[in-house]
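First up is the structure itself, then whatever we jot down about it.
The values are calculated or read from the model by the stated rules, or taken from the named source; none is laboratory data. Just so we're clear, the structure is a prediction, and the values are computed from it rather than from any experiment. Cβ: placed from backbone, ideal geometry, glycine included. Neighbour counts: every protein chain shown.
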């Protein structure tokens, strides 16, 4: 079968310095905001994954031109009313929930109707979480069973809304924020804490935003209809991509890894906080700030005697994309690890919580599940000796990458299908693994 790899041996000790690709969340947001700015924006170190390329194709469908230069992309924006398209245009978001949800927010003032569609996986995800508030702004939206495709037609008579985002979804919050900048008046958002890249970008672009932090939620106020100028941006490394190499190093023997120029925004570093509580000693070095985002070099050393954790729920949203590899660490840790309220994991590209539980059982780890809570009974002596096939996981890029790390640190003979799934978010993943010393057939 095509797109299958084999990993038959654990990785040998290594000492390496690497860099990972640009942050996917910031890449997509930068393109979308550049498409609404006035003038020419330049974006450096843009992640060239399928999700990001689909974002570029989407703004082109909406009349926005861009050029790829040697070191950057140029995007030519015409302001908040700059989108132009024929009626009944179709935008394909592929596998990207970030693109599909955020661009819907930017279409609420477009005269002609646009249909957003996605791949099989994305089409199963719940879009009522953004279409309902966008309807309240005044947009006309039609969809079947609250999923994709979604047909949207904007309005000239938009009104601000009050919106409560209670699940910790940065995508849903950001969709409403994008709509708010196009709406006269003040939109008020009460949101459970989640990734704040959109808020930081708004501040850097001098959009009228006010943020008040409370104990369990953020209050965000946005005054709409303020044009903003083009900008230059250098995208930092993606910590979600780093997570696989962090866990690879942590669970390998006698290894040290430094990952340079990584976005270590505190809304994204849940994995580091969780793993350090389990006995890791992951260090952030050379900290600095770039346009409101914290950037660091991450240093990881192999660690034995890792221990289980009662994972605080408050860390869930800042580690939601990294739980798959966190579970691998729990599988090798001493004692029981408890994780609670992980419903959001099943609302990703695949039902990740379901798949993770089945995977852990397949490799010989005892797992107890109660709805969205799981207990993982760690085994520090875990050493797989059987053959394992990883397939039929809806081509979820993070399942593929997690399986590669498991094979390299836990042993066994792994046949992992759909290797092209990494093109969604991290095309250079296997190349970097091989550079570190992984033997991949």
*Does residue 184 qualify as being at pLDDT 95 or above, assigned to a loop (DSSP other than H, G, I, E, B), over 25 Å from residue 320 (Cβ atoms) and in contact with a helix residue (DSSP H, G or I) (Cβ under 8 Å, 6 or more places away or on another chain)?*
no
*Could you count how many residues in the range 257-288 are assigned to a strand (DSSP E or B) and over 21 Å from residue 327 (Cα atoms)?*
11
*Condition test on residue 158, is it at pLDDT 95 or above, in a loop (DSSP other than H, G, I, E, B), more than 28 Å from residue 221 (Cα to Cα) and in the same structural domain as residue 58 (by TED's automatic domain parsing)?*
no
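Determine whether the range 377-396 contains at least one residue that is touching a residue at least 60 places away in the same chain (Cβ under 8 Å), under 19 Å from residue 240 (Cα atoms) and outside the structural domain of residue 93 (by TED's automatic domain parsing). Step through it out loud before you land on a result.
Within the range 377-396, the subset touching a residue at least 60 places away in the same chain (Cβ under 8 Å) is 378, 380, 394-396.
Then drop every residue that is not under 19 Å from residue 240 (Cα atoms), which leaves 395-396.
Cutting the leftovers down to outside the structural domain of residue 93 (by TED's automatic domain parsing) gives us 395-396.
Yes; the residues of the range 377-396 include at least one that is touching a residue at least 60 places away in the same chain (Cβ under 8 Å), under 19 Å from residue 240 (Cα atoms) and outside the structural domain of residue 93 (by TED's automatic domain parsing).
Mind listing whichever residues of the range 47-73 are more than 24 Å from residue 114 (Cβ to Cβ) and assigned to a loop (DSSP other than H, G, I, E, B)? Step through it out loud before you land on a result.
We begin by selecting, within the range 47-73, every residue more than 24 Å from residue 114 (Cβ to Cβ); these are 47-48, 68-72.
Correct list: 47, 48, 69, 70, 71.
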*Members of the range 116-145 found to be over 22 Å from the mean Cα position of the chain (by Cα) and not in a helix (DSSP H, G or I), listed by number*: 138, 139, 140, 141, 142, 143, 144, 145
*asked:* Of all residues being buried (at least 24 other Cβ atoms within 10 Å of the Cβ) and out of contact with any helix residue (DSSP H, G or I) (no Cβ under 6 Å at 6 or more places or on another chain) in the range 168-181, which is nearest to residue 344 (Cα to Cα)? Just the residue, please.
replied: 170
_Only one of 332, 299, 347, 307 that is in the same structural domain as residue 244 (by TED's automatic domain parsing) and farther than 17 Å from residue 250 by Cβ_ = 347
*Single unsatisfied condition, residue 346 versus (1) in contact (Cβ under 8 Å) with a residue 40 or more places away in the chain; (2) in contact with a helix residue (DSSP H, G or I) (Cβ under 7 Å, 6 or more places away or on another chain); (3) closer than 20 Å to residue 127 by Cβ; (4) in a helix (DSSP H, G or I)*: (1)
*Can you name the residue in the range 362-384 that is in contact with a strand residue (DSSP E or B) (Cβ under 6 Å, 6 or more places away or on another chain) and outside any loop (DSSP other than H, G, I, E, B) and, of all such residues, is nearest to residue 328 (Cα to Cα)?*
376
